[in-house]
Amino acid sequence: MADMRNKILVLICDGMGDRLTNGYTPLEKAHKPNFDYLASQGILGIMDPIAPGIKPGSDTSHLAILGYDPYKYYTGRGPFEAIGIGMEVKGGDIAFRCNFATSTPKLVIKDRRAGRISEGTSLLAETVNNLEIDNIKIMFKESVEHRGALVLRGEGLSPHISDTDPHRDESSVLEAKPRDNSLEAIKTASIINKFTRLSYHLLSSHPVNKERQQKGENPANIILSRGAGLVPHLPSFEEKYHLRGAFVAEVGLIKGIARLVGLYAPDFPFATGSYDTDMKQMILTALKLLEEYNIVFVNIKTCDLSSHDRNFEMKVRVIERIDEAITPLKDFKGTLVITADHSSPISVGDHSGDPVPLLITGDVRKDIVNTFSERAAARGGLNRIRGIDLMPTILDLAGYAEKFGA
Ligand SMILES: [Zn+2]
């Protein structure tokens with residue numbers, strides 16, 4: 001086995017942080033001997049993924065945890081929507097969130113969700129994917145139900161244009177307008193307007209829509225776009241830290257962010273993003289990858305799922321399953337980090353701005369905390385840090401930091 005002493009493993013339990021339900025958080029209720037053993041060997045603290053009181057998305061928090069200031073690099077939901085559904089985007093692309101909608105020939109929207117269409121969208125998407133307008137490449141991919149994303153690639157584009165989505169029914173499709181006087185914004189708005197009309201032309205005669213109309217359903221015959229954003233040019237992880245990194249992730253959004261910064265982040269069939277995922281295999285895969293890479297991140301999604309389901313008992317069980325899966329980490333000789341990308345309290349059913357627990361083992365100044373939970377971690381030696389501080393903290397502990405000054 002490779003020497004693991006200078007290796008780093010970062011385990012991110014998505015949405016693990018919580019508030020109290022009947023006096024306890026799910027972490028406090030769970031039977032988790034491995035988490036607690038690691039706590040007894042390490043230094044703990046709490047972390048504000050973005051900053052105190054800021055409710056993070058999984059995208060902004062992962063940017064911060066990877067050391068990329070989300071206030072600098074997060075450029076709107078369009079790019080991250082496209083990344084999340086597995087579109088291959090590049091720095092400089094312009095991306096939009098989209099809806100399939102139902103339009104009249106005069107481009108008045110009758111139903112901006114096209115009857116919440118659930119079948120046939122991939123066939124419809126093919127029709128409006130891989131187009132070219134004015135030398136700009138246009139890519140479209142469907143997401144769940146009526147949703148999708150659009151990516152423009154080419155020279156002289158700008159994200160500073162307005163939406164074509166009127167955001168309500170019985171309104172005309174809006175003309176995309178430049179938000180500044182740049183030639184780039186004028187050109188991008190014109191391409192989007194051409195694309196919108198073309199989408200109506202291509203989709204209204206599509207067999208999927210003919211069939212829907214025969215069944216009395218609203219056709220998905222136009223693409224509305226909103227939330228234009230520039231795919232950021234991110235310095236690669238390897239350029240930034242001179243470390244080779246990999247990411248074992250389950251869901252498209254996290255894999256996409258990892259790939260955007262050049263981390264090795266393949267699809268693993270056992271990492272499903274749902275309750276049936278194989279967490280043990282994810283941990284073993286991370287350990288195997290560490291033979292080749294300096295740092296490996298893991299994102300386990302299940303805590304967040306149980307929080308969105310507002311199921312306290314399920315979250316406790318999920319934490320107990322993660323505890324079992326991390327058994328091999330008790331013998332890990334490198335720097336081990338266990339944390340979450342944000343809190344997702346059962347009482348909220350969504351992300352919140354509460355800080356998350358953080359635990360680091362390795363060559364650390366062990367503190368007095370012997371159990372892993374939100375409240376115990378708050379008494380630990382790391383005190384309270386931000387997500388953006390995590391990478392420098394880890395790099396220093398693992399012996400990779402360069403001296404600041406003489
Ligand atoms: Zn998350």
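Every number in this text was worked out from the coordinates using simple rules, so none of it is lab data. Model, not experiment: these values are computed from the prediction. Note that each Cβ is placed from the backbone with ideal geometry, even for glycine, and that neighbours are counted across all protein chains shown.
For the chain, the residue among TYR73, PRO392, SER343 whose Cα projects farthest onto the positive side of the dipole built from Cβ charges is TYR73.
For HIS167 and LYS72, the difference between the fully extended length at 0.36 nm per residue and the C-alpha to C-alpha distance is 31.4 nm.
For segment 90-127 versus segment 258-314, the inter-centroid distance based on Cα atoms is 31 Å. Farthest toward the positive end of the dipole of segment 79-230, out of ALA82, LEU157, ALA101, is the Cα of ALA101, where the dipole comes from beta carbon charges about the Cα centre. Judged by the gyration tensor of its Cα atoms, with axes a ≥ b ≥ c, segment 165-238 is prolate; a/c meets the 1.5 cut and a/b is the larger of a/b and b/c.
Listed highest first by mean packing, meaning other Cβ atoms within 10 Å per residue, what order do 372-385, 138-151 come in?
Details: 372-385: 19.3, 138-151: 21.4.
The packing order, highest mean first, is 138-151, 372-385.
For q = 0.10, 0.11 Å⁻¹, what log10 I(q)/I(0) does the chain give under the Debye formula with an equal point scatterer on each alpha carbon and no solvent? These q points yield log10 I(q)/I(0) values of -0.72, -0.84. Gain on full extension, evaluated as 0.36 nm per residue between LYS90 and GLU313 minus their Cα-Cα distance, stands at 76.1 nm. Report the FRET efficiency, 1/(1 + (r/R0)^6), for LYS288 and ALA406, where r is their Cβ-Cβ distance and R0 is 51 Å, rounded to 0.05. The computed FRET efficiency comes out at 0.80. For VAL10, nonlocal amide neighbours, meaning residues 5 or more places apart or on other chains whose placed amide H falls under 5 Å from its own, are VAL296, PHE297, VAL298, VAL337. Net charge dipole, the chain: roughly 500 debye, given to the nearest 20, about the Cα centre with Cβ charges of +1 for Lys and Arg and -1 for Asp and Glu. May I ask you to derive the FRET efficiency for LYS137 and ARG197 from their Cβ-Cβ distance with R0 = 25 Å, giving the value to the nearest 0.05? Approximately 0.85, to the nearest 0.05. With a ≥ b ≥ c the root eigenvalues of the C-alpha gyration tensor of segment 266-406, is it rounded (a/c under 1.5), prolate (a/b larger than b/c) or oblate? Oblate shape, in that a/c is at least 1.5 and b/c is the bigger or equal ratio.
A simple count of charges around GLY57, restricted to other residues whose Cβ falls under 13 Å of its Cβ and scoring Lys, Arg +1 and Asp, Glu -1, yields -4.
The ranking of SER225, SER162 from fewest to most other beta carbons within 10 Å of each one's beta carbon is SER162, SER225. Distance between the pseudo-spin-label points of THR127 and LYS110 (7 Å out from Cα toward the beta carbon): 1.5 nm. Computed 3J(HN,Hα) for segment 244-252, one whole-Hz value per residue from the Karplus formula 6.51 cos²θ - 1.76 cosθ + 1.60 where θ = phi - 60°, is 8, x, 9, 9, 9, 10, 9, 9, x, glycine and proline marked x. If you run the Gaussian network model on the chain, springs between alpha carbon atoms under 10 Å, then out of GLY362, GLY156, GLY45 the most flexible one is GLY156. Our note on the geometry: Cα centres of segment 177-237 and segment 381-396, 42 Å apart.
Computed 3J(HN,Hα) for segment 39-52, one whole-Hz value per residue from the Karplus formula 6.51 cos²θ - 1.76 cosθ + 1.60 where θ = phi - 60°, is 4, 5, 9, x, 10, 10, x, 10, 10, 8, x, 10, 6, x, glycine and proline marked x. Dipole magnitude for segment 79-230: computed about the Cα centre from +1 point charges on Lys and Arg Cβ and -1 point charges on Asp and Glu Cβ, it is near 260 debye. Amide H contacts of ARG384 (H built 1.01 Å from N, in plane; Pro and chain starts excluded): ILE46 sit under 5 Å, all sequence-distant by 5 or more or on other chains.
Is segment 79-230 best put as rounded, prolate or oblate by its Cα gyration tensor, with a ≥ b ≥ c the root eigenvalues, rounded for a/c under 1.5, and otherwise prolate when a/b is larger than b/c, oblate when not? Here segment 79-230 falls in the prolate category. A convex hull fitted to the Cα coordinates of segment 13-86 yields 151 cubic angstrom per residue.
Extending 7 Å from Cα along the Cβ direction at GLN213 and again at ASP350 yields two label points whose distance is 3.8 nm. Amide H contacts of ILE133 (H built 1.01 Å from N, in plane; Pro and chain starts excluded): ILE138 sit under 5 Å, all sequence-distant by 5 or more or on other chains. Toward the positive end of the charge dipole of segment 79-230, with +1 on the Cβ of Lys and Arg and -1 on the Cβ of Asp and Glu, the farthest Cα among GLY148, ASN129, SER199 is that of SER199.
Other residues within the sphere of radius under 13 Å centred on the Cβ of ILE385, judged by their own Cβ, net out at -1 (K and R +1, D and E -1). Couplings for segment 315-326, taken from phi via the Karplus curve 6.51 cos²θ - 1.76 cosθ + 1.60 with θ = phi - 60°, read 5, 4, 5, 4, 5, 5, 5, 5, 4, 5, 5, 8 Hz in order; Gly and Pro are left as x.
Using 0.36 nm per residue and subtracting the Cα-Cα separation, the extra length available between ARG179 and ARG386 on full extension is 71.1 nm. A simple count of charges around ASP331, restricted to other residues whose Cβ falls under 14 Å of its Cβ and scoring Lys, Arg +1 and Asp, Glu -1, yields +3.
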